[in-house]
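Read-outs throughout are calculated quantities, based only on the coordinates presented, and are distinct from any laboratory measurement. Since the model is a prediction, treat every value here as computed from it, not as a measurement. Cβ placement follows ideal geometry from the backbone for every residue including glycine, while neighbour counts extend to all protein chains displayed.
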Amino acid sequence: MSIPKIKHKPTAKETAQALYTERSNKIIRKIRGIDRDFFINTCLAKISKIKKNKEASFDYEHVWILAIKIAATHSTGTRKPDNNEIVGIINSLWRLHNCLIPYLASNLNPFVAIRAMFNQQSTLQHHIVKAYADIMRQSHLLSSSTPLNDYLKTKYGISITTYCFIWFVILTQIAESEFGSTEINLGRLIIDCRPYIKIKDIYQFFKAFSISTSEMPAFFANYTTYDSDFESYFYDSPLKRRPFIHKEMTISTISNNLAFSSASFLLPQLFKDSKEISQTFKKIFTKKFENYIGELLAQTNVTHKTEEQIKDLYRSLGHSGKTNNVVDHMLISPETKIVLLIESKGVEQTDFVKVILDPTTLAKRLEDNHIKGIAQSQQCIGILDKNPDFKGYTFYSFIIVNDDYGFWMLSRLRTLLESPH
């Protein structure tokens, strides 16, 4: 008597991967026969017109940017198709997000799939005001660091202050644009940067952070390791590292929205990508970020206590201040009987973290920052609540990070990490 074989039921990941492989291969075959420069320039022209045509740029723009990468790494043909054919390819590429549908099954947590789409689109909904703020904060926190300045000067020929100043002036030009991309007025840039920035510095800036269409195949070759995985569809474009394109005598943004996101992302990433300086950067930035939060809190009219002062308070209650039970800052409001506990974590998402589709894996990746911060706050509350001075007080805790992780309160995080059953 033979034992019947149990038919393997594909997991959501296997189903999604199969759909992605089949559909993406069809798209690649279509793009492979098209002239590379023609296709890339068509994509760039389309991105430029998106804002002028008042289209939902955040919806389709990431697809045109992804199409540039596919063309740069796969196009070998000579065909120059008409607009309808190219739009058809882009529509097929856009529909690849449907590969997430298996993750919407009733026995799975659909919010992790929604988070992946949210993170993908939020890259191109990055407001220019946030870009300004991030550049100013980077300059404030990092420009005085000798090791980081020395690295940037050696590697890219400019200081942190110069880097941030040039970005600030460029953002001012982009803000005035009526289009989805902007040709940089180099004459105006030089004048606006004088007398603080030399022409040589501006040259070094664009040498490091711009690209031509002919350079794209070699550039993208460094970012193809995970292209066959369907999660890669939701990754940020590598062009965040090269947000400007140079052609003949002009330099333009590839996408204004991408440039806004790049302004916030690029400098920290340069340090984190380097084996030489990454650990030094993390130590410097973590401490600077914590102190920066403290500087802001100290300017309020609310009683502010630092980590060391909280430890002193612990000792008065017979407790020792350990790393796992002390937060960075505390605000006390006797009038409203509220205590705010604040833990700062100078962390940012990687592409991998942005598209994690398994709640267990996501929890592990958040364990050392968000979840650890929550645990610290809870232990802190448990100790301080025994202090008669805080009788009748309500405690709130805040975890401040350097990036938007797609959740803003504990209940939202719990929703992402819980099983639906």
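Measure nothing fancy, just the Cα-based angle from helix 110-122's long axis to the longest principal axis of the chain, in degrees from 0 to 90, nearest 10.
Approximately 70 degrees, to the nearest 10.
Give me the net charge of D236's neighbourhood, meaning all other residues with Cβ under 10 Å from the Cβ of D236; Lys, Arg count +1, Asp, Glu -1.
Within the 10 Å Cβ shell, the charges total +2.
Is the shape of the chain best called rounded, prolate or oblate, per the rule: a/c under 1.5 gives rounded, else a/b larger than b/c gives prolate, else oblate, with a ≥ b ≥ c the square roots of the Cα gyration tensor eigenvalues?
oblate
Between V129 and I199, 0.36 nm times their residue separation minus their Cα-Cα distance comes to what?
Extending this stretch completely gives an extra 22.5 nm.
Using unit Cβ charges (K, R positive; D, E negative) and no other charged atoms, how large, in debye to the nearest 20, is the dipole of segment 12-122 about its Cα centre?
160
Can you put V87, V355 in order, fewest other beta carbons within 10 Å first?
Least crowded to most crowded, the residues run V87, V355.
Below 8 Å, C-alpha to C-alpha, sequence gap of six or more: please give me the relative contact order for the chain in percent.
Across the chain, relative contact order equals 17 percent.
Contact order normalised by length for segment 193-266, with contacts defined as Cα pairs under 8 Å and 6 or more residues apart; what percent is it?
After rounding, I find 30 percent.
Taking 0.36 nm per intervening residue step and subtracting the Cα-Cα distance, what contour gain separates N107 from A18 on full extension?
Value of the extension gain: 30.1 nm.
Order by neighbour count: L152, L141, fewest other Cβ atoms within 10 Å first, most last.
Fewest-to-most Cβ neighbours within 10 Å comes out as L141, L152.
Explain nothing, just the number: relative contact order of segment 272-421, from Cα pairs under 8 Å at least 6 residues apart, as a whole percent.
24
Local charge sum around K13 (other residues, Cβ-Cβ under 13 Å, Lys/Arg +1, Asp/Glu -1)?
Neighbourhood net charge equals -3.
How charged is the neighbourhood of I277? Take every other residue with its Cβ under 10 Å from the Cβ of I277, and add Lys/Arg as +1 and Asp/Glu as -1.
+1
To the nearest 10 degrees, how steep is helix 83-94 against the longest Cα principal axis of the chain, on a 0 to 90 scale?
So the helix axis and the longest Cα principal axis differ by about 30 degrees.
Which order, highest average first, do 391-403, 246-258 follow once you tally other Cβ atoms within 10 Å for each residue and take the mean per peptide?
Order by mean packing, descending: 246-258, 391-403.
So, in Å, what gap is there between the alpha-carbon centers of segment 176-192 and segment 79-122?
33
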